[in-house]
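Working notes, structure below.
The values are calculated or read from the model by the stated rules, or taken from the named source; none is laboratory data. Nothing here was measured: the structure is a model prediction, and the numbers come from that model. Don't worry about glycine lacking a Cβ; one is built from the backbone with ideal geometry, like all the others, and counts go over all protein chains shown.
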Amino acid sequence: MNSRNVFDVLKERGYLAQVTHEDEVRELLGSESVSFYIGFDPTADSLHVGHFIQIMVMMHMQRSGHRPIALVGGGTGMVGDPSGKTDMRKMMTLEMVEHNSRAFQKQLSRFLDFSEGQAILVNNAEWLLNLNYVEFLREVGIHFSVNRMLTAECFKSRLEKGLSFLEFNYMLMQSYDFLELNRKYNVKLQLGGDDQWSNIIAGVDLIRRVQGTSAYGMTFNLLTTGEGKKMGKTEAGALWLDPEKTSPYEFYQYWRNIDDADVKKCLALLTFLPMEEVERLGSLKDEKINEAKKVLAYEVTKIVHGKAEAEKAKAATEALFGQGGADAEVPGTTLSAVEFRKNSNIIDLLYLVKLIPSKAEGRRLVKQGGIYVNDERIDSIDHTLTDRDIRDGSLMIRRGKKVYHKVTVE
């Protein structure tokens, strides 16, 4: 185990939001190898950057000798968590949940060492899907006060629109997960985003009541911008950890272009750089802050996609901004001459190469002056590209200030 208490590391880097028993948790993490868990509901077939904070915490904890239990919510995913949601989640089929759970397992094994029980991946479908409802109510439901549940933040926001009984069960199910993991793997600590605080303290309380033993909870600050908005939203949707859904180049670009005010926080939360280096880079001003953004983009991309992809994304970015070789890898599409001519209208081409989610969005971007071909702004939605636009076998499309796409015509 590292000589430094991981609790102090997490606190110094800015992860911690709330802790149930701060002194006891710090002492526990400094004195023994602790089994802890974080739950991931499989609502999509990839984790996204919002989950990445929790993955980073799991990596810090594992490096300090503690044992991560990654819980995939195959059971809870069938219900849906009302926390932080204004509307009820769409219901998912068992097949969707199972498919997404397998995808999560594959992704998490890139970040955590699952060999020889160093980390464990479990699915709560194992115990939730075959529960006897009456037994569950007698063992678990008896310990929950409805009056107290209704004061929880995750339910309060939903009461105005209507909270279904299905979702009202979610807190009991998540608390039961903690109880099951405590019994099976001696899990003493549950971690999660700060929107999970109500669910986590309910689980801590349940273990203390049913088992008569101590359990603890710790939540992390959600990844937000200086204005308090959730980070990781792009024009194309979420910033995914799956390279098929968000390319390493797009991923790199996102961090390369974040607001100056968010650089220091992201360096502390999303990289393993020493805090002295985080402080140094985070305090750079004006033009120099771009150096810090390059380091951030490279380091985060390296953790998520590996060193080779981070190098490629860096080279592609430098080529586009005139600092590198012209053959650096820029995201692109290769079209036949026939395909190019068939889709020569600018909106059709943008849609074909997936630079826009819909043609309506393409029309909006062109009208707002946000589309360029070979650095010349396109002014009309009826603009037609010709062979004259092809230079050395390709043309470069730019969406906004930062998104480039190379179209090669063969």
Task: Long-range neighbours under 6 Å by Cβ, at least six apart or interchain, first residue assigned by TED's automatic domain parsing to the domain that holds residue 369 and closer than 15 Å to residue 362 by Cα within the range 387-410, second surrounded by 18 or more Cβ atoms within 10 Å (Cβ to Cβ) and aromatic (Phe, Trp, Tyr) - done: 398/404
Open item on the list: Just the residues that are at pLDDT below 85 and under 38 Å from the mean Cα position of the chain (by Cα), please, taken from the range 372-389.
Closed with: 374, 375, 376
Open item on the list: Under 9 Å between Cβ atoms, which residue pairs at least 6 apart in sequence (or on different chains) link something in the range 22-44 that is on the phi > 0 side of the Ramachandran plot with a partner that is among the acidic types (Asp, Glu)?
Closed with: none
Task: residue 332, sole failed condition from (1) surrounded by fewer than 19 Cβ atoms within 10 Å (Cβ to Cβ); (2) under 30 Å from residue 60 (Cβ atoms) - done: (2)
Task: Tabulated pairs, the range 267-285, first of a type in the set (S, T, N, Q), second surrounded by 18 or more Cβ atoms within 10 Å (Cβ to Cβ) and outside any helix (DSSP H, G or I), C-beta under 9 angstrom, 6+ apart or interchain - done: none
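To keep it simple, each residue is scored yes or no on (1) exposed (fewer than 15 other Cβ atoms within 10 Å of the Cβ); (2) more than 28 Å from residue 263 (Cα to Cα); (3) outside the structural domain of residue 76 (by TED's automatic domain parsing).
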| residue | (1), (2), (3) |
| --- | --- |
| 11 | yes, no, no |
| 23 | yes, yes, no |
| 27 | yes, yes, no |
| 34 | no, yes, no |
| 42 | no, yes, no |
- [ ] Could you pull out every one of the strands (runs of 3 or more DSSP E) wholly within the range 118-226 that has 2 or more residues that are of a type in the set (D, E, K, R) and in contact with a helix residue (DSSP H, G or I) (Cβ under 9 Å, 6 or more places away or on another chain)?
- [x] none
Open item on the list: Just to be sure I understand, how many residues within the range 131-168 are at pLDDT below 85, loosely packed, with under 15 Cβ neighbours inside 10 Å and closer than 21 Å to residue 204 by Cα?
Closed with: 8
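Of all residues being in contact (Cβ under 8 Å) with a residue 12 or more places away in the chain and loosely packed, with under 15 Cβ neighbours inside 10 Å in the range 362-377, which is nearest to residue 389 (Cα to Cα)? Just the residue, please. Lay out the reasoning, then the answer.
Start the filter on the range 362-377 by keeping residues that are in contact (Cβ under 8 Å) with a residue 12 or more places away in the chain, which leaves 362-363, 365-367, 370-375.
Checking which are loosely packed, with under 15 Cβ neighbours inside 10 Å leaves us with 367, 374-375.
Details: 367: 21, 374: 8, 375: 11 Å.
Out of the qualifying residues, it is 374.
A quick yes/no check of all residues on (1) small (Gly, Ala, Ser); (2) under 11 Å from residue 43 (Cα atoms); (3) in the same structural domain as residue 156 (by TED's automatic domain parsing):
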| residue | (1), (2), (3) |
| --- | --- |
| 93 | no, yes, yes |
| 98 | no, yes, yes |
| 102 | no, no, yes |
| 109 | yes, no, yes |
| 114 | no, no, yes |
| 118 | no, no, yes |
| 123 | no, no, yes |
| 133 | no, no, yes |
| 136 | no, no, yes |
TODO: Considering each of 361, 410 in turn, give the residue that is modelled with pLDDT of 80 or more and within 28 Å of residue 255 (Cα to Cα).
DONE: 361
Open item on the list: So, residue 350, is that one over 17 Å from residue 248 (Cβ atoms) and in contact with a strand residue (DSSP E or B) (Cβ under 9 Å, 6 or more places away or on another chain) or not?
Closed with: yes
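Matching residues to (1) closer than 20 Å to residue 121 by Cβ; (2) under 23 Å from the mean Cα position of the chain (by Cα); (3) hydrophobic (A, V, I, L, M, F, W, C):
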| site | (1), (2), (3) |
| --- | --- |
| 174 | yes, yes, no |
| 196 | yes, yes, no |
| 203 | yes, no, no |
| 216 | no, no, no |
| 243 | no, yes, no |
| 249 | no, yes, no |
Task: Hits in the range 273-325 (condition: surrounded by fewer than 13 Cβ atoms within 10 Å (Cβ to Cβ) and outside any helix (DSSP H, G or I)) - done: 274, 283, 285, 321, 322, 323, 325
Task: Matching residues in the range 192-241 - criterion: being modelled with pLDDT of 90 or more, surrounded by fewer than 18 Cβ atoms within 10 Å (Cβ to Cβ) and in contact with an Asp or Glu (Cβ under 9 Å, 6 or more places away or on another chain) - done: 210, 214, 221
